[in-house]
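Rule-based calculations on the coordinates, nothing more; no lab input. Remember, predicted model here, so these are calculated numbers, not experimental data. FYI the Cβ positions are ideal-geometry reconstructions off the backbone, even for glycines, and counts take in every protein chain you see.
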Amino acid sequence: MYPHNSDWQNMQVYFDAFTEISQQFFDRLDDETVAKLKVDLKPQALSDSGLDFSEVVERLKQQVIPQLSAARGPRYWGFVTGGATPIATFADWLVATFDQNVHKAGDSVASLIELQAIEWLCELFELPKTFQGLMTTGATASNFLAACCARQFAGLKQGINVAQQGVYGLDVDIFSTTPHASMCKSLGMSGLGQKQFHPIKALPDSEAMDVNDLAFCLSQSTAKAKIVIASAGTVTTTDFDDLAAVASICQKFGAWLHVDAAFGLFERVVMGTEGKTKGIEKAHSITLDCHKWLNVPYDCGVFLTQHRDLLEQSFDLPAPYLANESTTPDFMSLGVENSRRFRALPVWLSLLAYGKQSVKDWVESNINLAKQLADWIDDSDDYELVHPCQMNVILFRPTAKGLSQSQMDQKTKALLKKINTDGRLFLSPGIWQGQEIIRIALSNWQTQQQDIEVAIQVLKDCI
Ligand SMILES: Cc1ncc(COP(=O)(O)O)c(C=O)c1O
């Protein structure tokens, strides 16, 4: 006998509740307050024998659903946030239904689906077939794999197998200009040290690397191994390092090149191989996020490398109970987790259903809408565009003539709070050249012209 809530014969009850809850949630996305700034969950005792399903649904309706954000909706513009498409959402529901553990090949097709999803992504981004990789929980996890591969490369250059022996005695210099915070975290987690990178100068009014300074610093480095961490789309200004130049400098000095292209790689779908990502195909490794512009549900990142052997050396875990005879790679030997969800399925089904063209349309539309809103801000007497909008991110603040820096920062913070409290938009803060700014990032496939008009109205109302 199953205990209550465990009767598969009764699945229709769950389907009904699921359909009702999902439909109501989707229907409200447009008029709902985008972010719930004040939430509350009273302490409640853990149930001893469990509640009836009807009671469980009631709790969900009262305590959870009204307090969720509309992050998947068209006007959640904080951070870099995608919103799951219908097909990706459907696929993710099925991930729970199928409940596969994509750790080893040999018991289902799930590993082959992950392999094919990675191949399709390489095709989408016109990357050489020499790139291989795996799905991760996000760009942070991918940057961690990048740090581990680079660390292994550095070790092998000086006769140290870091995965086996550790980083003790490793002689390595790391260079970067504007690494994402998650990259610094990853350097820390890998034992290389969050602060152990040499800052390369940025170009004027930019977060992009000054490649002349990179060449100079590499030429001065006497370390036995060198690692360069480049950016394809910095999170604040969306600047791209000149990757073709960076790659050739790295080649000259025998340096490992990792590129964090969490959302910037999508520019390649629009502009092709001669756009801002030109040269990325020469990187040793690349970080990408699918829960950003591919609009699949959280969580889904990708790590790509042309040196899978270094991943294997770093993450392989031989254990007798895990042995099998399959020739398909074991994903648990390429990344952090042994047990892994079937997160490739939403990517695979999305690419199958939407094809290259839809991805291109989403990216192009977001970029065009962002430019339009940036132009309105630039023309407004009440606001100042603090940096040209180059892609999907807008950086601005209220005009503050005659105010001191700290008064200006206070005014900007107060305005951001007012906008987010108003509820028609959700934006996030940032710092540019030492000053508080407000940041808008468009990466949701559903954002349309009418949302830009709502935003303009909010900016008029909140000043
Ligand atoms: C360039 C870059 N790298 C890394 C990350 C971290 O991504 P995740 O939240 O998926 O770990 C982000 C997130 O916005 C990003 O923009």
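Quick notes on this structure:
- Pairs of alpha carbons in the chain whose separation is greater than 41 Å (percent): 24
- Computed on the chain, with alpha-carbon pairs under 8 angstrom and 6+ residues apart, the relative contact order is 22 percent.
- Dipole in debye (nearest 20) - the chain, about Cα centre, beta carbon charges: Lys, Arg +1; Asp, Glu -1: 1060
- Lysines whose Cα lies under 21 Å from that of LYS401, excluding same-chain neighbours fewer than 8 positions away: LYS411, LYS413, LYS417, LYS418, LYS460
- Fewest neighbouring Cβ atoms within 10 Å first, the residues ASP239, ASP107 line up as ASP107, ASP239.
- Here the calculated FRET efficiency for TRP93 and ASN338, from their Cβ-Cβ distance with R0 = 25 Å, stands at 0.50, rounded to the nearest 0.05.
- Separation between Cα centres of segment 171-228 and segment 113-156, rounded to whole Å: 20
- Estimated dipole of segment 100-341 in Debye, rounded to 20 [Cβ of Lys and Arg +1, of Asp and Glu -1, Cα centre]: 460
- Sparse-neighbourhood loop sites, GluC sites (Glu not before Pro) in segment 292-338 - DSSP loop, at most 10 other Cβ within 10 angstrom: GLU325
- Segment GLN448-SER108, extension gain: residue separation times 0.36 nm, minus the distance between their alpha carbons: 118.4 nm
- Label-to-label distance for ASP316 and GLN116 is 2.8 nm, based on points extended 7 Å past Cα in the beta-carbon direction.
- Full extension of the chain between ARG28 and GLN196 gives 55.8 nm of extra length, using 0.36 nm per residue less the Cα-Cα distance.
- Whole-Å distance, taken between Cα centres, linking segment 31-88 and segment 394-419: 31
- Here each label is just a point 7 Å from Cα along the line to Cβ, and for ASP422 and LYS36 those points are 2.3 nm apart.
- Pairs of Cα atoms nearer than 8 Å and 6+ residues apart set the relative contact order; for segment 383-453 it is 30 percent.
- Length-normalised contact order of segment 100-341 in % [C-alpha pairs under 8 Å, at least 6 apart]: 28
- Between GLU274 and ASN101, the distance separating the two model label sites (each 7 Å from Cα on the Cα→Cβ line) works out to 5.1 nm.
- For a 4.7 Å threshold on C-beta separation, the list of partnerless cysteines in the chain reads CYS122, CYS148, CYS149, CYS184, CYS217, CYS250, CYS389, CYS462.
- Calculated FRET value between MET11 and SER358, using beta carbons and R₀ = 45 Å, to 0.05: 0.90
- Between MET271, SER221, LEU94, the Cα set farthest toward the positive side of the dipole of the chain (charges on each charged residue's Cβ, about the Cα centre) is that of SER221.
- When you filter the trypsin sites (Lys or Arg not before Pro) in segment 361-415 for DSSP loop state and at most 11 other Cβ atoms inside 10 Å of their Cβ, you are left with LYS401.
- Full-stretch length increase - LYS411, LEU46 - with 0.36 nm per residue and alpha-carbon distance subtracted: 127.0 nm
- Least to most buried among LEU369, LEU37 (fewest other Cβ within 10 Å first): LEU37, LEU369
- Whole-Hz ³J(HN,Hα) from phi, Karplus 6.51 cos²θ - 1.76 cosθ + 1.60, for segment 338-345, glycine and proline x: 6, 8, 9, 6, 7, 6, 6, 4
- Legend: calculated FRET efficiency, VAL64 to ASP461, from the Cβ-Cβ distance at R0 = 41 Å, rounded to 0.05, equals 0.85.
- Sequentially through segment 229-243, phi angles give Karplus couplings (6.51, -1.76, 1.60; θ = phi - 60°) of 10, 10, 10, 10, x, 6, 6, 8, 9, 6, 7, 10, 5, 6, 5 Hz, Gly and Pro residues having no value and appearing as x.
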